[in-house]
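Taking it in order: structure first as structure tokens, then the write-up.
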Amino acid sequence: MGDGDRRRLHVGVTAWDMGLPGSADQFARQGERAESLGLDSFWLPEFHFDEGVPLPQPLLPLAAVAARTRRLRIGTGSYLLPIRHPVQVAEEVAVLDRLSEGRVILGVGRGYRAGLFDAFEVSAKDKRDRFERALDAMVAAWAGEPVGWEEEGHPVRLVPIPVQNPHPPIWIAAFGPRALEQAGRLGLPYFASPIESMEALTRNFARFREAWAVAGTAAPSEAPIMRTTFISRDRERLRAARERLAEQAASLARSPVAAIRRGAGVSPDDWALVGEPEEVRDRIEGYRERFSMTHLVASRTRLPGLDPGDFERSLEHLADLRESLDR
């Protein structure tokens, strides 16, 4: 990383119209639009007990997106493994990979809200161990190893297995130092969130690289980064977006989560791509040069109040930029 890798940039997008309670058509329409623009992937987060955008099971709406698209990859922003049984996760992901004909990217995480672990009767102190054990069990199940035994001694194996061999790509969403070290040791791509500043990303990628180097694991070929993104030629809309982002930056600086406070930076420009097309193009190039970014996932997560139609028009600009970046 950091070597100016010039491979084709993959551009994806998170759902920009979450709504409440959400419907299959609502998500599928967004996936269709992303595919029609030539974008590469469509992503859904996982949120529990959130009155704004609750989405406790992203695999279900992603199945609706898969049914209405043909090329678009579908991914989870941070599927929380510590609160789930690994065999069940392996089964569900395998089924979705079959339904989509091999288009799943599995972004996984640990979670950080105390109330989440309390609700699922899981100790927050055990989340990293549970996360790693779950990954090991999932990979073993996908490889055909027994997941249980019948009384007669016959093994029970996962059916079906994923289309992708040996399994769908796994990216690890990480914030804190221990999570980054764990991701590096496992040799899986670090999936950078939309709220980490350039300084925080530099620090995080360095820690991540050091961990996989010490562990002797192969360097991951993907460097995915999610960024809050809004592109427009309307200066008034850009001004309003920057005001919203400034409010978000102040909120992040007061977060009870230390890793979020450390990573938030001093300005929205530290973690958001907002501006006219030429300005955003230059900043994307900066991410590619500095971090060898291979996948950009555009999000409106930190732009509450932004009209979904305005974000959709922003995606049109982003699709045009992707073409120019790869010339």
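The values are calculated or read from the model by the stated rules, or taken from the named source; none is laboratory data. Everything numeric here is computed off the predicted structure, so don't read it as measured data. FYI the Cβ positions are ideal-geometry reconstructions off the backbone, even for glycines, and counts take in every protein chain you see. To get the accessible areas, we keep the full protein, side chains included, count just its heavy atoms, and leave off ligands, DNA and RNA. Shrake-Rupley method; radii C 1.70, N 1.55, O 1.52, S 1.80 Å.
Annotations for the structure displayed:
- Share of pairwise Cα-Cα distances greater than 30 Å in the chain is 33 percent (whole percent).
- Summed side-chain charge close to Pro166 - residues other than Pro166 whose Cβ falls under 13 Å, Lys, Arg +1, Asp, Glu -1: -2
- Mean Cβ count within 10 Å, highest first, over the residues of peptides 288-300, 238-250, 121-133: 288-300, 238-250, 121-133
- Protection proxy ranking, highest mean first, for peptides 168-180, 53-65: 168-180, 53-65, where packing is the per-residue count of other beta-carbon atoms within 10 Å, averaged.
- The chain - charge dipole about Cα centre, Lys and Arg +1 at Cβ, Asp and Glu -1, debye rounded to 20: 620 debye
- Extension gain from Glu278 to Phe49, taking 0.36 nm per residue of separation minus the Cα-Cα distance: 78.5 nm
- Equivalent-ellipsoid semi-axes for the stretch 272-318 (Cα gyration tensor, √(5λ), whole Å, largest first): 21, 12, 9.
- Sulfur and carbon atoms: percent of accessible area, the stretch 85-159 [1.4 Å]: 47 percent
- Taking 7 Å steps out from each Cα toward its Cβ at Glu199 and Asp269 produces label points 1.5 nm apart.
- Across the stretch 59-72, rounded Karplus estimates of 3J(HN,Hα) from the backbone phi angles (6.51 cos²θ - 1.76 cosθ + 1.60, θ = phi - 60°) give 5, 5, x, 5, 5, 5, 5, 4, 5, 10, 10, 10, 10, 4 Hz, Gly and Pro being marked x.
- Each Lys and Arg adds +1 at its Cβ and each Asp and Glu adds -1 at its Cβ; summed about the Cα centre, the stretch 268-327 shows a dipole of about 280 debye.
- Residue-wise HN-Hα coupling along the stretch 198-204, computed from phi with Karplus coefficients 6.51, -1.76, 1.60 (Hz; x: Gly, Pro): 4, 5, 5, 4, 4, 5, 5
- Under 5 Å, built H, 5+ apart or other chain: amide partners of Val147: Val156, Arg157, Leu158
- Hz values of 3J(HN,Hα) by residue in the stretch 119-127 - Karplus curve (6.51, -1.76, 1.60), Gly and Pro given as x: 5, 9, 6, 10, 6, 4, 5, 9, 4
- Taking the convex hull of Cα positions in the stretch 154-219, its mean projected area over all directions (nm²): 6.5 nm²
- The stretch 47-194 gives an Rg/Rh value of 0.97, both radii derived from C-alpha positions and Rh following Kirkwood.
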